[in-house]
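This report concerns only the one structure given below.
The values are calculated or read from the model by the stated rules, or taken from the named source; none is laboratory data. Remember, predicted model here, so these are calculated numbers, not experimental data. Here Cβ is always computed from backbone atoms with ideal geometry, including for glycine, and neighbour counts include all displayed protein chains. Note: areas computed on protein heavy atoms with side chains; ligands, DNA, RNA excluded. Shrake-Rupley method; radii C 1.70, N 1.55, O 1.52, S 1.80 Å.
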Amino acid sequence: MLNIPVRVRHLVERTCSSDPYHIAKDLRCEIIVCDLPDRVNGMWRRILRRKYIFVNERLEEWQQEAVICHELAHIIMHPTYRAFSMHGESFACQRKEREANEFADLLMSYRYNSDEVYVYKFLTESWRNQ
């Protein structure tokens, strides 16, 4: 069982930041904000030994940060994990997705009031302001 609160706290202490962009840079991970299909908030991929996080450009700023935090969780805790969706069906490990959502929610709580931004709801339900 992963102790996610401790992992998040150690990451923030090690990088001296809770900014997901700073943390990604520290982990040598490039963030690319681009046009992704509506049902895709983001994903990460290793391409030629380099790590990339792709984020949907149509998301609000806090939602983009939440997606980056979620993908950083996979990079840190599940580096070999691969999940995908096809025709509305998800082929993902629910445990790993829950862990990444919890990690993202905790990391985002350093920067945002959870009553004002609905990070966990957004990540678990793919909810977004339209």
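Evaluating Cys34 against the criteria (1) over 22 Å from Glu13 (Cβ atoms); (2) modelled with pLDDT of 90 or more; (3) open to solvent by 70 Å² or more (accessible area, probe 1.4 Å) leaves one unmet condition, (3).
Any idea which residue in the range 1-40 is farthest from Glu71 (Cα to Cα), counting only those that are of a type in the set (Ser, Thr, Tyr) and part of a loop (DSSP other than H, G, I, E, B)?
Initial filter on the range 1-40 (of a type in the set (Ser, Thr, Tyr)): 15, 17-18, 21.
Next cut, part of a loop (DSSP other than H, G, I, E, B) only: 17-18.
On the way: Ser17: 17, Ser18: 14 Å.
Ranking the qualifying residues of the range 1-40, first place goes to Ser17.
Looking only at the range 62-73, count how many residues are open to solvent by less than 10 Å² (accessible area, probe 1.4 Å) and not β-branched (Val, Ile, Thr).
Here is the first cut: in the range 62-73, the residues open to solvent by less than 10 Å² (accessible area, probe 1.4 Å) are 63, 65-69, 72-73.
Narrowing the set further to residues that are not β-branched (Val, Ile, Thr) leaves 63, 65-66, 69, 72-73.
Of the residues in the range 62-73, 6 are open to solvent by less than 10 Å² (accessible area, probe 1.4 Å) and not β-branched (Val, Ile, Thr).
Within the range 48-103, the set of residues being part of a strand (DSSP E or B), of a type in the set (A, V, I, L, M, F, W, C) and at pLDDT below 90 comprises Phe84, Met86, Phe91. In the range 37-55, the residue that is most open to solvent (accessible area, probe 1.4 Å) out of those that are free of Cβ contacts under 8 Å to residues at least 24 places away in the same chain and either touching a His at 6+ places or on another chain (Cβ under 9 Å) or at positive phi (or both) is Arg49.
Every listed requirement among (1) touching a residue at least 24 places away in the same chain (Cβ under 8 Å); (2) within 18 Å of Leu123 (Cβ to Cβ) is met by Leu27 save one, (2).
Picking from residues in the range 1-31 that are hydroxyl-bearing (Ser, Thr, Tyr) and within 15 Å of the chain's Cα centre (by Cα), the one that is least open to solvent (accessible area, probe 1.4 Å) is Ser18.
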